[in-house]
1. From the residues in the range 116-171 that are part of a helix (DSSP H, G or I) and of a type in the set (Ser, Thr, Tyr), which one is nearest to residue 70 (Cα to Cα)?
2. Out of (1) more than 20 Å from residue 58 (Cβ to Cβ); (2) at pLDDT 85 or above, the odd one out for residue 76 is which?
3. Checking residue 74 against (1) among the β-branched types (Val, Ile, Thr); (2) within 13 Å of the chain's Cα centre (by Cα); (3) not in a helix (DSSP H, G or I): exactly one of these is not met. Which one?
4. Do the conditions hold for residue 29, that is, is it surrounded by 13 or more Cβ atoms within 10 Å (Cβ to Cβ), touching a residue at least 60 places away in the same chain (Cβ under 8 Å) and of a type in the set (S, T, N, Q)?
5. For the range 1-55, give me each residue that is under 16 Å from residue 114 (Cα atoms) and part of a loop (DSSP other than H, G, I, E, B).
6. Yes or no: residue 67 over 24 Å from residue 152 (Cα atoms) and not in a loop (DSSP other than H, G, I, E, B)?
7. Which pairs turn up if I take residues in the range 60-79 that are under 10 Å from residue 106 (Cβ atoms) and free of Cβ contacts under 8 Å to residues at least 24 places away in the same chain and look for partners that are of a type outside the set (Ser, Thr, Tyr) and surrounded by 15 or more Cβ atoms within 10 Å (Cβ to Cβ) with beta carbon separation below 8 Å, at least 6 apart in sequence or on another chain?
8. Residues in the range 74-83 that are at negative phi and surrounded by fewer than 17 Cβ atoms within 10 Å (Cβ to Cβ): how many?
Amino acid sequence: METIRIVLVLSAKFQLHVFQLDVKSTFLNGELQEEVYVEQPPVYELKGKEEKVYRLYKAFYGLKQTLRAWNNKIDMYFHQNGFERSQSEPSLYVRKKGEDFPIGCLYIDDLIYTRTNKDMVAKFKNAMMKEFKMSDLGLMRYFLGIQVKQSLGKIFILQEKYVAYLFKKFNML
């Protein structure tokens, strides 16, 4: 949550907009670094070879290594494209390129980003969407339960939906 605040504060200070991408099938993007074997699912059992197992090369939902495999893949992608991961905020990536500094903040399958060079926002988005299957959510409006309203130099964080949920839950409407 602290990382999000950092991105929002910097964006407000430099009068930037924050955009959001959502990774589709996040956990199917990771490649396993270790050997992982699973039993044959009953539907796919090979006749006469029921004792055999499958070796996995790609991660899938429910596997313990899945999140680490995805994180390794996206981390490698950012590093190959000149980004450095913050040592104090591991979900924050920054690339210093002259006067321009793009910032990306990753939370599992949600990515928020901004940059000082407005023309390069589209390039960053297109590069990410080309590498990974993503949905372009446009300007950040809702992230991790926080509503965000943006105008240049001003960013408001609200929790109206959460408050409404609490009122409804406790019959206080």
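The values are calculated or read from the model by the stated rules, or taken from the named source; none is laboratory data. Note that this is a predicted model, so its numbers are computed, not measured. Heads up, the Cβs are rebuilt from the backbone with ideal geometry, glycines too, and the neighbour counts pull from every protein chain shown.
1. The initial filter retains those residues of the range 116-171 that are part of a helix (DSSP H, G or I), namely 119-131, 160-169.
From what is left, the residues that are of a type in the set (Ser, Thr, Tyr) are 162, 165.
Values: 162: 30, 165: 32 Å.
Result: 162.
2. Result: residue 76 fails condition (1) only.
3. Evaluating residue 74 over (1) among the β-branched types (Val, Ile, Thr); (2) within 13 Å of the chain's Cα centre (by Cα); (3) not in a helix (DSSP H, G or I) leaves (3) as the failure.
4. yes
5. 14, 15, 16, 17, 18
6. yes
7. Filtered contacts from the range 60-79: 75/85.
8. Final tally of qualifying residues: 6.
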